[in-house]
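Down below is the structure, laid out as structure tokens.
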Amino acid sequence: MFNKTIHIQIEGNLYGENAEFQGNDVKLEKINSETKSFVKAKDFSTTYQLSSRILPRTYGKLTVTIRKLDNNDFFVFTKFENNTEQPIMIDLSFPFEKDFTNYEVTRFHSEKIVHEHDTTLGVDPTSTPHGLVELKGPKTYANLVVSKNYNSVELTKEYNHRQKSQLRELIDEHDGTEITKKENSIILNVPHFAEGQSLSESWILHSDQPLFNKKVNFEEWEKHTLKEYKKINKWYTAEGPYGKLPWSIEPGTKLGYGRYFSLVHDRRHVDHYERTKERYFYDFIVNSAVNLLVYDSKLNKPIQTEITSTWLKDNYGIIAPYYDTRFNEYLAIHLKRISKLLDVPEYEEMALFYADYLLEQVKKKNFIKTDHGYLISDFYGSTQKKTTHTSLNHALGEMNFLLDSYEKTKKEEYLTVALDIQKGIEDIGDKWIRDNKDLWYQLNPDFTFHGKDYPLLTLEDLLKAQKKLVQVDLKRSPIFDRLITSKTQYLVNDKIEITRKVVTSLQEQGYGDLVKDYSHISDY
């Protein structure tokens, strides 16, 4: 199918700004080169124009970004833009000539993934990286993670000169990586497959140290990624990771992927790093911070979602770009977490953008008013025709973040809005509880309910809310207690898996009897 193959090999040093690529059968013209500095990382990015050495023909562009981290590990992000109508394969090779004598590849067992249909996302055919590669010599060592190759096309719908929705449509995930030993070098071949008028992208993580010091930590991570492959990023680019989108998007496609901010923060890498301190997870945490700064260099305001949801468009008139409260909460919490892990105090200061955004939403009266308080709406966009719904987990997350921000800053406005949201939730009271003891997902502006609640997310938020109220010298909420009890009873009655972390929180807050002898418990 790919009858045109272009051979490109790195020349010189891969380890920073001196990386150069040469084509055996094409001419590579350097058309752009730039360097960008971030906290704990630096990008060296070069774009080459690919053309025929014989004919007046241009094939496309190859962009190579080397992201060097503060521990001397680095990512290599590669993107080939095929500007022709014919399929092209770029045979991209990386020779390692530092006296490496042998290599070992540990594959991720992608074949074990069951690509089941998700009611929201459909089927996500992407899987896991190609594998973990060790290069060894008498006095040399290198450890690499090599990705799969992702072939896609860009889809864009423009609404006006200010607003557009942009995403990718996946054509295919390829796994053509090969490692060969030739004379005094080991060569890593990472083929880039590109249908006509499409993009082809891959990534490599390189370290001179073991990425996993303990084999058991790698095995546990692989087990986790195979189980939770839909929630863990695989398709990384220099502009950020691309994750599977729901079908309800514009432009419409069942294989839509975007810079999806519920995933961009790589929360599960942070969870595992806190427990294991493995180098692999550290590298992805630093990378996640860079991804946010690539999207917004200042991060002093909420980030807008760049993909239109047809559901929001049809019901509320909202089109991209727009604000999603939960996504911004994820990013703010991520900044606070990694501020401590990476010892970057300014990230915690940046995180306050979200608390200030919530204050602005109250001033704009973008909320559902209740008897004694209000519930801030989940979304806000400049084109919206009416107030949107409020999800219970969103409201709790906002309340918790504002209480955290009040603890840090002692700013009274944060506490006032947090307590008004608490009153809003309590005004609805037991009506949040469904007949089967589960909780409703959302409250609509007309005070009707809709949607199935997440298995654990809202319960986690409720438990955190009770803990935060006590920390700021306030009383636990009796209504929150009833919601926690009901939700836990539902989980136990339906034998739904509960994480060990949630079980521990339940026990610490006096709900131990509800999960006594419960066997459906997972570590993550």
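The values are calculated or read from the model by the stated rules, or taken from the named source; none is laboratory data. Predicted model only: the values in this text are computed from it and were never measured. Positions of Cβ are generated from backbone atoms using ideal geometry, with glycine treated the same way; all protein chains shown enter the neighbour counts. Please note that ligands, DNA and RNA were not included when accessible areas were found on the heavy atoms of the full protein model with its side chains. Shrake-Rupley method; radii C 1.70, N 1.55, O 1.52, S 1.80 Å.
Data overview
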| quantity | calculated |
| --- | --- |
| FRET efficiency for Glu116 and Ser185, using Cβ-Cβ distance with R0 set to 30 Å, rounded to 0.05 | 0.10 |
| Estimated 222 nm signal from helices in the chain, with DSSP H stretches of n ≥ 4 weighted -39500 (n - 2.57), rounded to 500 | -9500 deg cm²/dmol |
| Integer Hz, Karplus 6.51/-1.76/1.60 couplings in order for the range 76-82, x for Gly and Pro | 10, 9, 10, 9, 10, 10, 7 |
| Estimated vicinal HN-Hα couplings, Hz - the range 94-100 in sequence order (Karplus 6.51, -1.76, 1.60; Gly, Pro = x) | 10, x, 10, 10, 9, 6, 6 |
| Across Lys98/Lys223; Lys231/Lys452; Lys301/Lys408; Lys408/Lys495, pairs whose alpha-carbon gap is larger than 28 Å | Lys98/Lys223; Lys408/Lys495 |
| Set of aspartates and glutamates with alpha-carbon distance to Lys215 below 19 Å, sequence-local pairs under 8 removed | Glu104, Glu134, Asp271, Glu274, Glu278, Asp283, Asp523 |
| Distance-filtered residues of the range 53-74 - backbone nitrogen under 15 Å, label point 7 angstrom along Asn32 Cα→Cβ | 60-66 |
| Cross-link table Lys112/Lys234; Lys42/Lys79; Lys27/Lys79; Lys36/Lys230; Lys227/Lys464; Lys40/Lys214, entries beyond 20 Å C-alpha to C-alpha | Lys36/Lys230; Lys227/Lys464; Lys40/Lys214 |
| Residues of type aspartates and glutamates that Lys516 reaches as a straight line, Cα spacing below 16 Å, ignoring anything fewer than 8 places off in the same chain | Asp494, Glu497, Glu508 |
| Solvent-accessible area of Thr156 with every protein chain in place, 1.4 Å probe, in Å² to the nearest 10 | 80 |
| Length gained when the stretch Asn300-Lys4 is fully extended (0.36 nm per residue, less Cα-Cα span) | 101.9 nm |
| Modelled FRET efficiency - R0 35 Å, Tyr524 with Val362, Cβ distances, 0.05 increments | 0.50 |
| Gyration tensor verdict on the range 62-118 (Cα atoms; rounded if a/c is under 1.5, prolate if a/b is larger than b/c, oblate otherwise) | oblate |
| Accessible surface of the range 30-186 [probe 1.4 Å, protein heavy atoms]: carbon and sulfur percent | 44 |
| Length-normalised contact order for the range 401-524 - Cα pairs under 8 Å, 6+ apart - percent | 21 |
| Per residue accessible area in Å² of the range 105-199, where ligands, DNA and RNA are left out and the probe is 1.4 Å | 48 |
| Reachable aspartates and glutamates from Lys411, criterion Cα separation under 12 angstrom, eight or more residues apart if same chain | Asp356 |
| Ordering of 164-172, 396-404, 225-233 by packing [mean C-beta count within 10 Å, highest first] | 396-404, 164-172, 225-233 |
| Residue-wise HN-Hα coupling along the range 396-410, computed from phi with Karplus coefficients 6.51, -1.76, 1.60 (Hz; x: Gly, Pro) | 5, x, 5, 4, 5, 5, 5, 5, 4, 5, 5, 4, 6, 9, 6 |
| Label-point gap, in nm, between Lys223 and Lys423 - each point 7 angstrom along Cα→Cβ | 4.9 |
| Portion, in percent, of the accessible area of the range 301-395 that falls on carbon or sulfur, probe 1.4 Å | 52 |
| Accessible area of the range 224-278 belonging to carbon and sulfur atoms, whole % at 1.4 Å probe | 51 |
| By average C-beta atoms within 10 angstrom, highest first, the peptides 247-253, 79-85, 329-335 | 329-335, 79-85, 247-253 |
| For Cα extents along the principal axes in Å, calculated from these coordinates, the label among (i) 76, 54, 42; (ii) 85, 59, 46; (iii) 67, 55, 44 | (i) |
| Segment Asn24-Ser52, length gained on full extension (0.36 nm per residue, minus Cα span) | 9.0 nm |
| Exceeding the 25 Å Cα-Cα cut-off - candidates Lys364/Lys423; Lys423/Lys475; Lys385/Lys468 | Lys385/Lys468 |
| Spin-label pair Asn213/Leu474, simplified geometry with 7 Å Cα→Cβ offset, distance in nm | 4.2 |
